[in-house]
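The numbers here are math on the coordinates, done by the rules we state, and not lab data. This one's a predicted model, so the numbers in the text were calculated from it and none came from an experiment. Using ideal geometry, Cβ is built from the backbone for each residue, glycine included, and neighbour counts are taken over all protein chains shown.
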Amino acid sequence: MNICVLGLWHLGSVTAACCARHFNLVGLDFDAANVAKLNSGQAPLLEPGLNELIAAGLAAKKLSFTADPKTACANADVLWLTYDTPVNDHDESDVESVLGNLRRALPHLPNGALVLISAQMPVGTCAKLEKEFPQFHFACSPENLRLGKAIDAFEKAERAIVGVRTDAKKALLEELFKPFAAQTIFMRTESAEMVKHALNSFLALSITFINEIARLCEHTGADAKEVSVGLKSEARIGPKAYLGPGGPFAGGTLARDVVTLSKLAEANGEKISVIPAIKQSNDLHRGWAFRRLQSRLGELRGKKISVLGLTYTTNTDTLRRSAAVELCQQLLAAGAKVSAFDPAVKSLPPELKSVALAADISGAVAGVEAVAVCTEWPQFRQAEWAKIVPLMRQPVFVDANRFLEKELKAIAGVEHLSVGRA
């Protein structure tokens, strides 16, 4: 099977590298600088194991990258659309930029080939493309990308959801997903597109629900972690439910689908209440750490506060849509003096130019009146906190997810403030 993967940022580079273990694969991207980097064995962003996997595919001559659609598509049985769909500051998807790149590639694809959509696109995209390009078969398989664990998530999937219009390409799709998924679940294209919207919105709903419960726990003496244990013990909910009280969901992935469904309802004259409220609740909860620092320290002007962890999540160097970056901006606007440390961040964007980026944890927390624990890097748990805490002016930790609970518990005088605990 010959595969062309179109769109080579996070989703695309992982898809290409993993598939090259089993198939002949060409990666296509219209960013020549990104293509050159990939051809040298370097992924466009930090993802554990990805550079090594790309290098192995290149060495085995099973993987190559190009910016030329004619070269990439000429012999392709499958064109796999894998762009990380851009999201603006209102969590709205830039669908047209993705479709524009797809339209640049399709004229070079053999008639009768399969176009597989995994980029996050609104329901109805396959139907729209089928009318525009009747010479191709279209299918949808929602992406299962997980930052920091992307290779495992791709190669050891519990199932692949695949939407198809006819049975014509089912055998090809079964062959494609067999190395990676325990089972392939087929359905109509619109259903597969809706699965992604619904899944992300349900996960977002679970997070916002338990965080609202947690904020009520803070006023009543209940402990939200204990409440979560009680909920997960209920067979109708289950132990894997997204019911861990803590920080808000960040980034654009979950919010994008909440907004997509809200706009879909509006466009069709359907009045819905629960789904739009998810984003409203999460947006409110995004201010929890800032409000907790205010309630504990009072006036923040002139106060020294340290932020540990700046990236969107661990095992990535991505700062865009990071809740930690947002907290830094709130603190600076309130007149606080902010220091920070993140093991994956060596320089700061212009909007954080007033933040003092330290070379280690000790440098970040020395003399501060509070520490906000944001991105949960394992290095923070491995630190010698018994030696570091005395460097602080006040041993106050705002740690939404209780990430350092065990490490700080034995140190006398530490105040450990978390979501869902009085």
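Counting other Cβ atoms within 10 Å, which trypsin sites (Lys or Arg not before Pro) in the range 1-65 have at most 11 and lie in a DSSP loop? Don't skip to the answer; put the middle values down first.
Numbers: sites: Arg21, Lys37, Lys61, Lys62; in loops: Arg21, Lys61, Lys62.
Hits after loop and neighbour filter: Lys61.
Taking 2.2 N^0.38 Å as the expected size of a compact globular protein, what ratio does the Cα radius of gyration of the chain give against it, to two decimals? Please list the in-between numbers first.
On the way: Rg = 23.3 Å, N = 422, 2.2 N^0.38 = 21.9 Å.
Computed over Cα atoms of the chain, the ratio equals 1.07.
Order the peptides 67-77, 351-361, 203-213 from the highest to the lowest mean number of other Cβ atoms within 10 Å of their residues. Kindly include the intermediate steps, with their values, before the conclusion.
Details: 67-77: 17.6, 351-361: 15.4, 203-213: 20.5.
In decreasing order of mean packing, 67-77, 351-361, 203-213 become 203-213, 67-77, 351-361.
Do you know the relative contact order of the range 101-159, to the nearest whole percent, from alpha carbon pairs under 8 angstrom that are 6+ apart? Working shown, then result.
On the way: 45 pairs, mean separation 19.3, N = 59.
So the answer I get is 33 percent.
Treating only the Cβ of Lys, Arg, Asp and Glu as charged (+1, +1, -1, -1), what charge dipole size does the range 197-276 show about its Cα centre? Round to the nearest 20 debye.
On the way: 8 positive and 8 negative charges, 36 e Å.
Charge dipole, the range 197-276, about its Cα centre: 180 debye, nearest 20.
As a test, work out the antiparallel percent of DSSP beta bridges whose residues both lie in the chain, rounded to the nearest 5.
Values: 3 of 46 bridges.
Looking only at bridges with both residues in the chain, the antiparallel portion is about 5 percent.
May I ask you to list the lysines whose Cα is less than 29 Å away from that of Lys346, ignoring any residue fewer than eight positions away on the same chain?
Lys37, Lys149, Lys303, Lys304, Lys337, Lys387, Lys406
Provide the convex hull volume over Cα atoms per residue for the range 1-76, in Å³. Before the final figure, lay out each step's value.
On the way: hull volume 5.2 nm³, N = 76.
Output value, Cα hull per residue: 68 Å³.
Any idea what log10 I(q)/I(0) is at q = 0.13, 0.27, 0.28 Å⁻¹ for the range 49-126, Debye with uniform C-alpha scatterers and no solvent?
Each listed q maps to, in turn, -0.52, -1.25, -1.28.
Please give me, ordered by residue number, the trypsin sites (Lys or Arg not before Pro) of the range 221-256 that lie in loop per DSSP and have at most 11 other Cβ atoms within 10 Å.
Values: sites: Lys225, Lys232, Arg236, Lys240, Arg256; in loops: Arg236, Lys240.
Sparse-neighbourhood loop trypsin sites (Lys or Arg not before Pro): Arg236, Lys240.
Taking the Cα atoms only, what angle lies between the long axis of helix 288-297 and the longest principal axis of the chain, rounded to 10 degrees?
10
Kindly identify the range 2-187 as rounded, prolate or oblate by the Cα gyration tensor criterion: order the square roots of the eigenvalues as a ≥ b ≥ c, call it rounded if a/c is under 1.5, otherwise compare a/b with b/c, prolate if a/b is larger, else oblate. Numbers along the way, then the final one.
Details: a/c = 1.26, a/b = 1.20, b/c = 1.05.
Here the range 2-187 falls in the rounded category.
Counting only C-alpha contacts under 8 Å and six or more residues apart, can you give the relative contact order of the chain as a whole percent?
Details: 814 pairs, mean separation 49.8, N = 422.
After rounding, I find 12 percent.
With unit charges on the beta carbons (Lys and Arg positive, Asp and Glu negative) and the dipole taken about the Cα centre of the chain, which residue among Pro245, His90, Ala410 sits farthest to the positive side?
Result: Ala410, furthest along the dipole toward the positive end.
Which whole-number value in Å³ per residue fits the convex hull of the alpha carbons of the range 288-417?
Working: hull volume 12.0 nm³, N = 130.
About 92 Å³ per residue, rounded to a whole number.
Which number do you get for Rg(Cα) / (2.2 N^0.38 Å) in the range 196-285? Please report the intermediate quantities before stating the final value.
Values: Rg = 14.1 Å, N = 90, 2.2 N^0.38 = 12.2 Å.
That ratio works out to 1.16.
With an 8 Å cut-off on Cα pairs and a minimum separation of 6 or more residues, tell me the relative contact order of the range 196-285 in percent.
Working: 88 pairs, mean separation 35.4, N = 90.
Relative CO of the range 196-285 lands at 39 percent.
Would you work out the charge dipole size for the range 119-170 about its Cα centre, treating the Cβ of every Lys and Arg as +1 and the Cβ of every Asp and Glu as -1, and quote it to the nearest 20 debye?
On the way: 9 positive and 7 negative charges, 13 e Å.
Result for the range 119-170 is approximately 60 debye, rounded to the nearest 20.
Using the Cα centre of the chain as the reference point, and only Cβ charges (+1 on K/R, -1 on D/E), how large is the resulting charge dipole? Debye, rounded to the nearest 20. If you can, show how the numbers build up before the last one.
Numbers: 47 positive and 45 negative charges, 94 e Å.
Here the chain has a charge dipole of around 460 debye.
Helix 323-333 against the longest principal axis of the chain: what's the angle in degrees, Cα atoms only, rounded to the nearest 10?
50
Please determine, in degrees from 0 to 90 and to the nearest 10, the orientation of helix 95-105 with respect to the longest principal axis defined by the Cα atoms of the chain, where the helix direction is its Cα long axis.
40
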